[in-house]
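No lab work stands behind these numbers, since they all come straight from the coordinates. Because the structure is a prediction, the values reported are computed rather than measured. Cβ coordinates were reconstructed from backbone atoms using ideal geometry, including for glycine residues, and neighbour counts include every protein chain displayed.
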Amino acid sequence: MLVRPAAVVFDLDGTLIDTEPRSRVVWTWLFDSHGVAHNPDLIASFAGRRGRDVLAELLHLFPGRTVDELFQQAISYRHGPDSPAVAPIPGAVELVRRLRDAGVPLGVATSGQRAHVEGMLEELGVRDCFGAVVTADDVTAGKPDPEPFLTACARLDAPPERSVGFEDAPAGVDAVKAAGMTCVGVTTTLPAPALAAADRVVADLSEVDVVPGPALRVPGG
């Protein structure tokens, strides 16, 4: 697939930086601390979505607790000594910088909170590459609603139907497609069948090339 994007909008966690192993551990610790039974599918339901949204749906499992209380407890685990380390997704930093250098407007649309997002982008060394950073705090409806991606495109003054979104989770893929954008799924968090709604699926961002145009070349028929 060769596409000349008006803008490119990336998810953050699991797409640009591999924080999903840490997220799964954090949510597992939360359930364990309250003696709440869980399974991999339940923990995976948090992927790509705002934590508070998922907790609101599961609040009946935590009698006497509030969403904010549970969310803050989960966040407190993030930087504990036993929390898994994070690392850039292969090819992520290089792709972002090449797109920036080619003059393509770039955005982030993430379910993370502002402080976390800014910290991760600074850690990656790419914060200055993005003209729009849309976080959980900036939208009324989180993924799978298209609002995060539509907001990013609006801030970049780019038509969604001519823009590309990168995502690693089904909720994010659904959000990109609902926004009318071309979607590239990244199998860093879940296997390819889980991202079947994407227009193309790659193993990581090292498979995506920037060619004169400027254009994105993504493997696949």
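Once the Cα-Cα distance is subtracted from the 0.36 nm per residue extended length, the Leu2 to Glu94 segment shows a gain of 31.3 nm.
Normalised by the number of residues in the range 20-77, the average gap of Cα pairs under 8 Å and 6 or more apart makes the relative contact order 41 percent.
Based on C-alpha pairs under 8 angstrom that are at least 6 apart in sequence, the chain has a relative contact order of 28 percent.
Taking a ≥ b ≥ c as the square roots of the eigenvalues of the Cα gyration tensor, the range 20-77 is rounded, since a/c falls below 1.5. Rounded if a/c is under 1.5, else prolate if a/b is larger than b/c, else oblate: which is the range 82-141, with a ≥ b ≥ c the root eigenvalues of its Cα gyration tensor? Because a/c hits 1.5 or more and a/b fails to exceed b/c, the range 82-141 counts as oblate. Dividing the Cα radius of gyration of the range 129-221 by its Kirkwood radius returns 0.96 for Rg/Rh.
Pairing the Cα long axis of helix 67-77 with the longest principal axis of the chain, what angle in degrees results, from 0 to 90 and rounded to the nearest 10? Approximately 80 degrees, to the nearest ten.
Report the local net charge at Ala194: Lys and Arg +1, Asp and Glu -1, summed over other residues whose C-beta lies under 12 Å from its C-beta.
Charge balance near Ala194 sits at -4.
Per-residue extension of 0.36 nm, minus the Cα-Cα distance of Ala203 and Ala154, leaves a gain of 14.8 nm for this segment.
Kirkwood radius for the range 48-130, taken over all pairs of different Cα atoms as the inverse mean of 1/r, rounds to 15.2 Å. Once the chain from Glu123 to Glu69 is taken as fully extended at 0.36 nm per residue, the excess over their C-alpha distance is 16.7 nm. Here mean projected area of the Cα convex hull in nm² was calculated from the structure, and among (i) 16.1; (ii) 12.4; (iii) 11.3 it sits at label (iii). Extending 7 Å from the Cα toward the beta-carbon at both Glu57 and Ala192 defines two label points whose distance is 2.7 nm.
Counting only DSSP H runs of at least 4 residues, each contributing -39500 (n - 2.57), and dividing by the residue count of the chain, the helix-based mean residue ellipticity at 222 nm comes to -10000 deg cm²/dmol.
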